[in-house]
Every structure is written in structure tokens, then in C-alpha cells.
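Below is one structure, written out as C-alpha cells; comments come after it.
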Amino acid sequence: MVSTPNTPRRESGPAPVLRDARILVVEARFYDHIADELLAGANAAIAAAGARAVTVTVPGALEIPGTMAILLEAAERAGEPYDAVVALGCVIRGETGHYDIVAGESARALMDLSVALRLPLGNGILTVETEAQALARARVAEMNKGGGAAEAALAILALKRAAEAGSVAGVEA
């Protein structure tokens, strides 16, 4: 598939098989009907890889990064670390500047966490103008962004494991 500015690039290879992987999914339920679709897509992708998901629900997108940090640390202390994380939620632009704060700060905090911990992350927090845009992106039968976020985390986890094993080949452009 040729990628153009209006056509997202999609990998066509098989999903990695990661049967022993534990994936932490933190979902914001601010919009339940949108969250349902995002979670269904993420769960299907994780199941297809043979991985196990642990799902935790928080009120909104700003609560996702802090919750992840708390749960990642607790799991590490308990000797049951997570291998990757998936963030799911939706921020719809409203009449105030709150949208910009929630969208930007949640993304920044997720990236900080991922880089600092070298943790595979799938960011499935939708940032949209309208509910219709959110639904089109969330629905499994349409854009399936929840599934895409889980697939991204799984792909990076597979790459991380290959790198740790010393078997990373070149990356195709």
C-alpha cells in the first residue's frame, strides 16, 4: 500500500504472537459508548496475539498516565510486571480551552512514561472535534483505533524482545 498524506499506512503482516505477555489497558470511560468500542478493538487485538490483558477504568484521559505509573510500579514490586501498556479514551473539543490541556498533557505524560521506562505503549486516546468523528474512529467495524493502539504496543513489544535477544534486523522504510 502506498502511503499518501490522506491515506494512513497500515502494516499487512501477521500480528506478533506474544502468549506470555501481560498488557495493561487503562481506559477512560468519560464517553461510555465510545469507550466500549475502543476496548472491544483493543481486547480483540490482544487476544489475537495470545497475550493477556488487565483492564483498569479511570474517569478521564488525564487520569490515565498517573494510573499507569502507579500500577506499573505496583506490578513490578509484586514481581508481575506488565510488558506493555495501552491507553484508551476520547477527548472531544468543547467550548473552552480545556480540550487542548487534556489532549496535550495526557499525550505528553504517556510519552514521558513510555520513554523513561522503555515501555511499549499504544496511545488510543482519540482527540477529535465531534462525537461523530470519535465514533467513526472508535468503531471496530470502521477505523478501530482501539485495536490499532493495542497492535502498536504489541509490535513495539515484539521489537523490544527481539532487540533484547540481539536479533533485530533492519527496519523497512
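The values are calculated or read from the model by the stated rules, or taken from the named source; none is laboratory data. Model, not experiment: these values are computed from the prediction. Positions of Cβ are backbone-derived with ideal geometry, glycine not excepted, and every protein chain shown enters the neighbour counts. Surface accessibility is based on the protein's heavy atoms, side chains included, excluding ligands, DNA and RNA. Shrake-Rupley method; radii C 1.70, N 1.55, O 1.52, S 1.80 Å.
Descriptive notes on the structure:
- Qualifying residue in segment 81-100 (condition: open to solvent by 20 Å² or more (accessible area, probe 1.4 Å), touching a strand residue (DSSP E or B) at 6+ places or on another chain (Cβ under 7 Å), farther than 22 Å from R137 by Cβ and modelled with pLDDT of 95 or more): yes
- Within the option set R52, R9, being modelled with pLDDT under 95 and either touching a Gly at 6+ places or on another chain (Cβ under 7 Å) or of a type in the set (K, R) (or both) holds for one residue only, R9.
- Output for segment 119-138, where each listed residue is farther than 17 Å from L62 by Cβ and open to solvent by 20 Å² or more (accessible area, probe 1.4 Å): E129, T130, E131, A132, Q133, L135, A136, R137
- Scanning segment 65-85 for residues that are in contact (Cβ under 8 Å) with a residue 24 or more places away in the chain and either within 24 Å of H33 (Cα to Cα) or of a type in the set (D, E, K, R) (or both) returns P65, G66, T67, M68, E80, D83, V85.
- Answer from A152, A109, A165 - the residue that is of a type in the set (A, V, I, L, M) and free of Cβ contacts under 8 Å to residues at least 24 places away in the same chain: A165
- Residues satisfying the stated conditions in segment 44-54, i.e. open to solvent by less than 60 Å² (accessible area, probe 1.4 Å) and not hydrophobic (A, V, I, L, M, F, W, C): G50
- Test: Y31 is of a type outside the set (A, V, I, L, M), open to solvent by less than 70 Å² (accessible area, probe 1.4 Å) and in contact with a Cys (Cβ under 9 Å, 6 or more places away or on another chain): yes
- Residue pairs whose Cβ atoms lie under 6 Å apart, sitting 6 or more positions apart in sequence or on different chains, and linking a residue in segment 41-64 that is farther than 15 Å from N144 by Cβ to a partner that is open to solvent by 10 Å² or more (accessible area, probe 1.4 Å) and of a type in the set (K, R), are G50/R19; R52/R22; T57/R29.
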